[in-house]
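Worksheet: the structure to be examined is printed underneath.
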Amino acid sequence: MHPVSRYVLLAIVAGITATATAQESPETNRKVTGGGITVPGWQGKIDADAEKAGQTVSDAKLSGDSKTMQVTTGPAITYWNPKNEAKGDYTVSATFTEPKFMNLNTHPHPYGIVIAGNGLGTADQSYIYCAAYGNGNFIVRGFGPEPFQLNGRREANDAVHKAAAVGEPVTQQIAMQVKGDTVSCIINGTTVKSFPKSDLVTAGKLKSTDGVYGIRFAHNTDATVTDLKISKP
């Protein structure tokens with residue numbers, strides 16, 4: 001390779017690496033003023049890394065009522081009401097509205113639906129979640145009790161809505177469905193990912209697809225959750 005061409009190539013690679021690093025640069029978890037849980041019956045647990053850093057559930061905020069919940073994080077957190085259980089075949093869904101995309105963070109962060117919760121809040125908890133980003137990406141992940149990924153770091157899909165710009169609103173209808181031997185992540189009416197149940201109910205992942213359902217938010221995120229519900233076939 002010609003020396004000049006080599007320098008040009010190295011410069012391009014360095015530029016791409018710098019851009020990727022800037023987009024994924026770690027953020028410090030905020031501490032939300034007046035945080036905690038005020039929705040009756042609901043509980044929460046922040047991620048282990050935030051706990052090790054000395055943060056608590058009170059560093060994020062869940063307010064409102066069972067029909068309209070406002071979430072502001074802080075550390076990444078999962079919220080649930082122990083009375084909300086799903087068994088057999090079912091679909092759990094809700095509408096998530098981020099009023100100002102990336103208002104509290106330097107890159108897009110996800111939020112979504114949790115199902116199959118067992119032992120939530122304990123060191124042996126297990127669950128799976130489907131979550132959307134306001135830039136057209138989504139993830140399917142879980143804890144069993146260690147975190148596991150099901151579609152890599154993230155994946156793009158045309159069904160996932162994109163905010164028009166930073167600071168603009170974006171809304172996603174997110175659902176997780178258990179039907180027969182299949183578990184699906186559904187966003188804005190489109191099934192974006194499906195998995196055989198046998199691949200999920202296994203060592204290091206889920207104890208069962210029966211369990212408590214709830215919601216999941218990444219750190220430094222602000223959104224409203226409405227119409228959280230379960231439907232049966």
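The values are calculated or read from the model by the stated rules, or taken from the named source; none is laboratory data. What you are looking at is a predicted structure, and each value in this text was computed from that prediction instead of being measured. Here the Cβ is made from the backbone with ideal geometry for all residues, glycine too, and neighbour counts use every protein chain on show. Please note that ligands, DNA and RNA were not included when accessible areas were found on the heavy atoms of the full protein model with its side chains. Shrake-Rupley method; radii C 1.70, N 1.55, O 1.52, S 1.80 Å.
Short version: ³J(HN,Hα) in whole Hz for each residue of segment 102-118, in order, from phi by Karplus 6.51 cos²θ - 1.76 cosθ + 1.60 (θ = phi - 60°), x for Gly and Pro, what are they?
6, 5, 10, 8, 9, 8, x, 10, x, 7, x, 9, 10, 9, 6, x, 9
Once you have a ≥ b ≥ c as the square roots of the Cα gyration tensor eigenvalues for segment 45-86, tell me rounded if a/c is under 1.5, and otherwise prolate or oblate according to whether a/b is larger than b/c.
It is oblate, given that a/c is not under 1.5 and a/b is not larger than b/c.
So what is the accessible area of segment 29-176 per residue, in Å², with the probe set to 1.4 Å?
Spelled out: the 1.4 Å probe surface of segment 29-176, per residue, equals 43 Å².
Note down the net charge around residue 59, summing +1 for each Lys or Arg and -1 for each Asp or Glu among other residues with Cβ under 10 Å from its Cβ. Provide the component values of the computation, followed by the final result.
Values: positive: 30, 31, 61; negative: none.
Once positives and negatives cancel, what remains is +3.
Radius of gyration and Dmax for segment 95-159's Cα atoms, expressed in Å?
Calculated on Cα positions, Rg and Dmax stand at 13.1, 37 Å.
What length, rounded to one decimal in nm, is gained on full extension from residue 149 through to residue 100, with 0.36 nm per residue of separation minus their alpha-carbon distance?
Stretched out fully, the residue 149 to residue 100 stretch lengthens by 14.9 nm.
According to a simple spin-label model (label point 7 Å from Cα along Cα-to-Cβ), what is the distance in nm between residue 70 and residue 181?
Label-label distance for residue 181 and residue 70, simple model: 4.7 nm.
Kindly provide log₁₀ I(q)/I(0) values, in the same order as q = 0.11, 0.24, 0.25 Å⁻¹, from the Debye equation applied to equal alpha-carbon scatterers of segment 141-230.
Calculated log10 I(q)/I(0) at the listed q: -0.37, -1.59, -1.63.
In the Gaussian network model of the chain, springs joining C-alpha atoms below 10 Å, which of 153, 141, 30 carries the largest mean-square fluctuation?
153
Whole-Hz ³J(HN,Hα) for each residue in segment 130-137, computed from phi via Karplus 6.51 cos²θ - 1.76 cosθ + 1.60 with θ = phi - 60°, x for glycine and proline: what do you get?
Using θ = phi - 60°, the values come out as 10, 9, 10, 9, x, 10, x, 9 Hz.
With an 8 Å cut-off on Cα pairs and a minimum separation of 6 or more residues, tell me the relative contact order of segment 23-167 in percent.
Relative contact order comes out at 17 percent.
Go through segment 40-49 residue by residue and turn each phi into a ³J(HN,Hα) via Karplus (6.51, -1.76, 1.60, θ = phi - 60°); whole Hz please, and just put x for glycine and proline.
x, x, 8, 10, x, 8, 7, 5, 4, 5
Report, in degrees rounded to the nearest 10, the 0 to 90 angle that the Cα long axis of helix 3-23 makes with the longest principal axis of the chain.
Roughly 30 degrees, rounded to the nearest 10.
For residue 67, go through the lysines and keep the ones whose alpha-carbon is under 20 Å away, minus same-chain ones fewer than eight residues off.
Leaving aside lysines fewer than 8 places away in the same chain, those within reach of residue 67 are 83, 229, 232.
Carbon and sulfur atoms: what percent of the 1.4 Å accessible area of the chain do they account for?
Solvent-exposed carbon and sulfur of the chain make up 53 percent of the total.
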